[in-house]
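This report concerns only the one structure given below.
The values are calculated or read from the model by the stated rules, or taken from the named source; none is laboratory data. From a predicted model like this one, the values you see are computed outputs, not experimental measurements. Cβ placement follows ideal geometry from the backbone for every residue including glycine, while neighbour counts extend to all protein chains displayed.
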There are 6 protein chains.
Amino acid sequence: MLLQLSTWPEVETYLQESTGIIIPIGSTEQHGPIGLIGTDAICAEVIAKGVGESTSAMVSPTLNVGMALHHTAFPGTISLRPSTLIQVVLDYITCLAKSGFTHFFFINGHGGNIATLKAAFSETYNHLAHLNIPGHEEIKCQVANWFMCRSVYQLAKELYGNQEGSHATPSEVAVTQFAYPNMIKTAALNPEVASGFPIYGAVNFRRHYPDGRMGSNPALATPEHGQQFYDLAVKELSNSYLEFIGKKQE
Amino acid sequence: MLLQLSTWPEVETYLQESTGIIIPIGSTEQHGPIGLIGTDAICAEVIAKGVGESTSAMVSPTLNVGMALHHTAFPGTISLRPSTLIQVVLDYITCLAKSGFTHFFFINGHGGNIATLKAAFSETYNHLAHLNIPGHEEIKCQVANWFMCRSVYQLAKELYGNQEGSHATPSEVAVTQFAYPNMIKTAALNPEVASGFPIYGAVNFRRHYPDGRMGSNPALATPEHGQQFYDLAVKELSNSYLEFIGKKQE
Amino acid sequence: MLLQLSTWPEVETYLQESTGIIIPIGSTEQHGPIGLIGTDAICAEVIAKGVGESTSAMVSPTLNVGMALHHTAFPGTISLRPSTLIQVVLDYITCLAKSGFTHFFFINGHGGNIATLKAAFSETYNHLAHLNIPGHEEIKCQVANWFMCRSVYQLAKELYGNQEGSHATPSEVAVTQFAYPNMIKTAALNPEVASGFPIYGAVNFRRHYPDGRMGSNPALATPEHGQQFYDLAVKELSNSYLEFIGKKQE
Amino acid sequence: MLLQLSTWPEVETYLQESTGIIIPIGSTEQHGPIGLIGTDAICAEVIAKGVGESTSAMVSPTLNVGMALHHTAFPGTISLRPSTLIQVVLDYITCLAKSGFTHFFFINGHGGNIATLKAAFSETYNHLAHLNIPGHEEIKCQVANWFMCRSVYQLAKELYGNQEGSHATPSEVAVTQFAYPNMIKTAALNPEVASGFPIYGAVNFRRHYPDGRMGSNPALATPEHGQQFYDLAVKELSNSYLEFIGKKQE
Amino acid sequence: MLLQLSTWPEVETYLQESTGIIIPIGSTEQHGPIGLIGTDAICAEVIAKGVGESTSAMVSPTLNVGMALHHTAFPGTISLRPSTLIQVVLDYITCLAKSGFTHFFFINGHGGNIATLKAAFSETYNHLAHLNIPGHEEIKCQVANWFMCRSVYQLAKELYGNQEGSHATPSEVAVTQFAYPNMIKTAALNPEVASGFPIYGAVNFRRHYPDGRMGSNPALATPEHGQQFYDLAVKELSNSYLEFIGKKQE
Amino acid sequence: MLLQLSTWPEVETYLQESTGIIIPIGSTEQHGPIGLIGTDAICAEVIAKGVGESTSAMVSPTLNVGMALHHTAFPGTISLRPSTLIQVVLDYITCLAKSGFTHFFFINGHGGNIATLKAAFSETYNHLAHLNIPGHEEIKCQVANWFMCRSVYQLAKELYGNQEGSHATPSEVAVTQFAYPNMIKTAALNPEVASGFPIYGAVNFRRHYPDGRMGSNPALATPEHGQQFYDLAVKELSNSYLEFIGKKQE
């Protein structure tokens, strides 16, 4: 059930059954020579919709832009500053908490969002306590990274081994190919791909990772792999969501 | 050309031809008993894509959540505070300006966004001047409201007369029906609809507009109307965009 | 009744009769070769005092500095950033709301303030709701632009036609001449005056509007015109104010 | 020379002679049963104008509202939060520094402003250094409190002794009577006036100072005293200003 | 070499040899019935000093208060909000970067700081790039959690098994006992200790963890264990630091 | 009683006896050729501990870094911006006020902190009133500068006369020598020491005060002097603290 495709009376009805909501969050950032700039948002959105369907959960619009400052030396990247993203998340949760939602399950497609999301949750719990919103102590937030699902991780290892890498990975590219089979990009990839450099500022990042990939070979991705990753992530995250909102999981 | 479905080298190539970008911005807010909560974002996004296709312009991901604080007494509404939205817009433009974009054309689906967007543009011009980004004095932003296109306005008047109203209007609902023909909602609408009250805070708003509509009869909407509005808006905004970036318009 | 010339017990007495207040807001910005830098603040202040007298309303001190970032490439301009002005307006209203005021009528002398004022109102309604100030849902703010009064607009058109322009206009200069007849400035004005360029950043503005005027011929202004504008604006805004606070208008 | 009554070319001319500017700052706060709410702004403004005349200095519009949170339990008080006032002062100085002003002389009418002004100066020096405004290291700010002028202090002691007190003082009330002889207020003053309590929050303040006075007897004020205070303050602050901008003082 | 016990010429000399600095960061938060409120700061500080000695690195004063909002339902806890801590870290690094430092090694004693620290680093890299501080692209920050050192973790497991828990752990208590042998506290500890609840807001935390411990038995701690942990952490982090600043490690 | 060396149940017990707390605040800034960078924090901390012992008051961890932006042109200085320090102080007091503390006695070692601290107190009183923390109107903050104690001032004058100066003074250096007798630094000091220049920005400061001293001769300091200053400050501030929390002083 997508929030954006619902009416407010439908939301009112939903809230009588459940006060949980799924919020997909991605990023709009370079993903190497053949990865889509929207990769992280696309993956988060498609998987969140799948989880919403399988659990009858409400799914909010996707936060398309996250914390990707370290990618901003590549054209097309858009990032919020962490201080901005904290306020955005606080605003989302505050509005929805006033509506009656209590359990916020962020399905996340970008590792760079995790730290700021966790900071935002802390900031928000404190904010809501100060507002004296009734029942504020029941508010719970969780970040669930689809790419860190055990089953997803195992499949990626099995299919790609070391070539999975850590950014512009074949697994995430595969999910975008499954979602947008007409948008599969190709390019000659340098077989020597940079890896192992820690992440600091944007200029430093591009210097070390000149084509944007971090140790990955996204040319290995296929739409069929994408569907496999999708199925695994939806299943695992559906269980996580049900556990999070206190319902028995299968 | 959608930014999220492009790669960074494709963006680099695009920037050699054009430094303009279209940014759809909507809202996630109640739209009365049968209007979708995502109405404003859906309209902005679908029309922006149309404009992007007809002008070969880059289109960024949609800002799904805007400034809708006055609707937050209805469940399901999500709003940024104006101070947050200003920082979000500033972050978007700053990142894209560093990429080389100079002309930012916001296709907007929500009247409540206009004031904050204009404030954000001023804040951003000043910010970029202080950063001494090369060529910052060429940065230009414009907000283009599809629902205020002359041709759109005339058709709405012709089709609906006074029943167009000013929120949860049949014209915007029609566009969403065109975009999502399977999500057409129905409900018994009170023929007496509130209208004419100025907008203040959220509690006050709901007291005066108990079902969320402002003077409108969205039951008049049809997907066929939606296509007509879409065609008119795309045509008119495409011309506006071309004029904005300094190309001759048809 | 001017707040700054009242004592607190007088304010306490006033609040038993009325909870409305008029807040003049202007700007401190270049107004072309012969317009005063304080034009917008002077006009707002003098008209607000007139409205206060005719309606027995309390009038606060004038916000002399507003949102004029686009004029800052001309010496003498002072502007708040929109994010600052939002906090200023929020602070004003919060303090006065705690005093018991509920209706805030901003008489505005500067078009560039409108967007930020509206954003500030939204931010403030939300802020006050969170503070749980008793009766916060009765708080109402309105911006009333003297230069957009129908009668003012008609007189300007009648007196100046196209030479009214849109910045450093003869009508606003006339009001300042009426208010400060000893401060009438003269200079040789280029008969060719720039007009029609949209407003972006400060450097861009000065490049297109080299002497600061936007399509206007302020040399047409006279103090007598100023009095006429003053009379019309006071009459029209007095009615607006009375309507705003719920009293019958003449 | 008042900035608001000047044109931008006049400011340009002024800057060739001097880069100093006087900024009056007051407060809009309760001043006991017979003191005007605008007392601090009125005193700062009238004295600043006098200093401007005697030194040919540019004088900016008055900051009418300052830091008076501790007075907000009395109706009619308007205060900025310190964090807001810091941004306001930073915006003023940044704009004027870009115009070419380098020496900012704040003539202050309210003790409660001093701490925040000093904090704002530090914040601003640092901000301007980061902006790399040419010549930022020449930017200098000073706060000059008219009521702390040695000659003023001595006259107050001589005229009123202990009844000068520390808020709603006869000396400041006298200056407002000099400036606005038609607005002299009277009321029965309790001869027992509270004094000696430190200042904490607003509720606490009103509890200890029930009529708003702090140890003062403003009934002693006369317009003639006001003129004397005015003359002394203008003379002493004119010397301070000339010394500040590096001109020989008389 | 402790920054606070150095003179500025000594810092100048140091910078000719090295541009690295160690910044200890802890927390001031409840640590159960017998753990010191300063546990995390004490551990970070003592270990940072040890690392500073063994590597000849400069060590800054300890950030005693971190992000511990979830502990604020217990008396004595002090926490910064994440948004505040981000600004604090940004200020620290900006000042030190202007001095010439480039490598910032945060030795951290509190898991709750990690997310906000990482967000702060991203915010700061971006901030410094905008300031155009020369060599800003060489600025590097790293968070090193002493309690996550492999050797520390192994010893804790060996000594305490499951009774190590995850807050108010015997390992961290042991380090404080080693640092302050005269401040060893005792109390009757409930052998049933809560564990396994995720961390949300402060009220929720205290409800689930009534005495503040998370699955730990701090009564197992001894000063001798503390010394062992100290030795292991200093050794392992010294190597990490040397690697971070680009020197060969032993 | 040091907060960091207490457990939360000990704090709970303390709060039944007293709701006062001492918060030492210093600075991390250059103190001339032989003064320690941590001088202000060291002095505040050691004296605060003394006051805590003599009055049985709780003492919080030291705020090591304060407002020292004007010293940032010397290497090793770390400063918060005033806007950051305000938020830090607000966070400290908010947390402790929720614990039940009501009287906040800041023992301060740095003149540059005073303005921002006072601004922070005002901001915080207002913030707490808005949060409706029970008993918020009892919250009281005070800044007590050890170096402005009458007895301290007199001894400094007696021992050093004009050579006390106003920064990197022999009196504060003496206290650090008393606290850290092994860290006494020596260097050839220019007998001509700058003095009398007002404080503006950092570059300006260093230009006028090339070795960092302001009119002082710290070579006069001895550890024995330090102990005398310590004893005097502890005695005087202990009385001030007891008076502040409403206990009879000796």
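General remarks:
- Against the conditions (1) more than 8 Å from chain C (Cβ to nearest Cβ); (2) more than 19 Å from residue B:15 (Cβ to Cβ); (3) touching a Phe, Trp or Tyr at 6+ places or on another chain (Cβ under 8 Å), residue B:70 satisfies every one except (1).
- Condition check for residue F:106 on (1) more than 12 Å from chain D (Cβ to nearest Cβ); (2) touching a His at 6+ places or on another chain (Cβ under 9 Å); (3) of a type outside the set (Asp, Glu): one failure, at (2).
- Residues of the range F:33-46 that are part of a helix (DSSP H, G or I) and out of contact with any strand residue (DSSP E or B) (no Cβ under 7 Å at 6 or more places or on another chain): F:40, F:42, F:43, F:46.
- Qualifying residue in the range B:136-147 (condition: of a type outside the set (Gly, Ala, Ser), closer than 18 Å to residue B:63 by Cβ and in a helix (DSSP H, G or I)): yes
- Any hit, the range E:226-235, residues being at pLDDT 95 or above, assigned to a loop (DSSP other than H, G, I, E, B) and over 30 Å from residue A:121 (Cβ atoms): no
Residue by residue, here is whether (1) surrounded by fewer than 21 Cβ atoms within 10 Å (Cβ to Cβ); (2) in contact with a Cys (Cβ under 6 Å, 6 or more places away or on another chain); (3) closer than 16 Å to residue E:228 by Cα holds:
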| site | (1), (2), (3) |
| --- | --- |
| E:164 | no, no, yes |
| E:174 | no, no, yes |
| E:180 | yes, no, yes |
| E:184 | yes, no, no |
| E:190 | yes, no, no |
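- Condition met for residue A:33 (surrounded by fewer than 24 Cβ atoms within 10 Å (Cβ to Cβ), under 23 Å from residue A:221 (Cβ atoms) and of a type outside the set (Lys, Arg)): yes
- Residue D:111 passes every criterion in (1) among the small types (Gly, Ala, Ser); (2) over 30 Å from residue D:209 (Cα atoms); (3) out of contact with any helix residue (DSSP H, G or I) (no Cβ under 6 Å at 6 or more places or on another chain) apart from (2).
- Counted residues, the range F:109-140 - those being more than 7 Å from every other protein chain (Cβ to nearest Cβ) and either in contact with a strand residue (DSSP E or B) (Cβ under 6 Å, 6 or more places away or on another chain) or within 23 Å of residue F:152 (Cα to Cα) (or both): 8
- Members of the range D:75-100 found to be part of a loop (DSSP other than H, G, I, E, B) and surrounded by fewer than 22 Cβ atoms within 10 Å (Cβ to Cβ), listed by number: D:100
- Residues that are hydroxyl-bearing (Ser, Thr, Tyr) and touching a strand residue (DSSP E or B) at 6+ places or on another chain (Cβ under 9 Å), drawn from the range E:198-236: E:200, E:209, E:216
- Check on residue B:62, under 23 Å from residue B:102 (Cβ atoms), surrounded by fewer than 23 Cβ atoms within 10 Å (Cβ to Cβ) and at the interface with chain A (Cβ under 10 Å from one of its Cβ atoms): no
- Scanning the range B:185-208 for residues that are in contact with a Phe, Trp or Tyr (Cβ under 9 Å, 6 or more places away or on another chain) and away from chain C (no Cβ under 14 Å) turns up B:193, B:194, B:195.
- Among the residues of the range A:65-96, just one is within 14 Å of the chain's Cα centre (by Cα) and within 14 Å of residue A:22 (Cα to Cα), namely A:89.
- Residue list for the range C:24-38, filter: more than 8 Å from chain D (Cβ to nearest Cβ) and either among the polar types (S, T, N, Q) or in contact with a Lys or Arg (Cβ under 7 Å, 6 or more places away or on another chain) (or both): C:27
- Where helices (runs of 4 or more DSSP H) sit wholly within the range B:150-211, those with at least 3 residues that are over 17 Å from the mean Cα position of the chain (by Cα) occupy B:150-160, B:202-208.
- Residue B:248 at pLDDT 95 or above, of a type outside the set (A, V, I, L, M) and surrounded by fewer than 20 Cβ atoms within 10 Å (Cβ to Cβ): no
- Where residue D:49 falls short, out of the listed (1) within 14 Å of residue D:2 (Cα to Cα); (2) of a type outside the set (Gly, Ala, Ser); (3) part of a helix (DSSP H, G or I); (4) under 11 Å from the mean Cα position of the chain (by Cα): (4)
- Any hit, the range D:144-164, residues being in contact with a strand residue (DSSP E or B) (Cβ under 8 Å, 6 or more places away or on another chain) and among the basic types (Lys, Arg): no
- All of E:94, E:13 fail the test of being at pLDDT 95 or above and either facing another protein chain (nearest Cβ under 7 Å) or farther than 18 Å from residue F:88 by Cβ (or both), apart from E:13.
- Conditions (1) of a type in the set (A, V, I, L, M); (2) at the interface with chain A (Cβ under 8 Å from one of its Cβ atoms); (3) outside any helix (DSSP H, G or I); number of the one not met by residue B:21: (2)
- Inter-residue pairs, beta-carbon under 6 Å, first touching a residue at least 12 places away in the same chain (Cβ under 8 Å) and in the range C:14-43, second part of a helix (DSSP H, G or I) and hydroxyl-bearing (Ser, Thr, Tyr), 6+ apart: C:31/C:39; C:36/C:176; C:39/C:176; C:42/C:176
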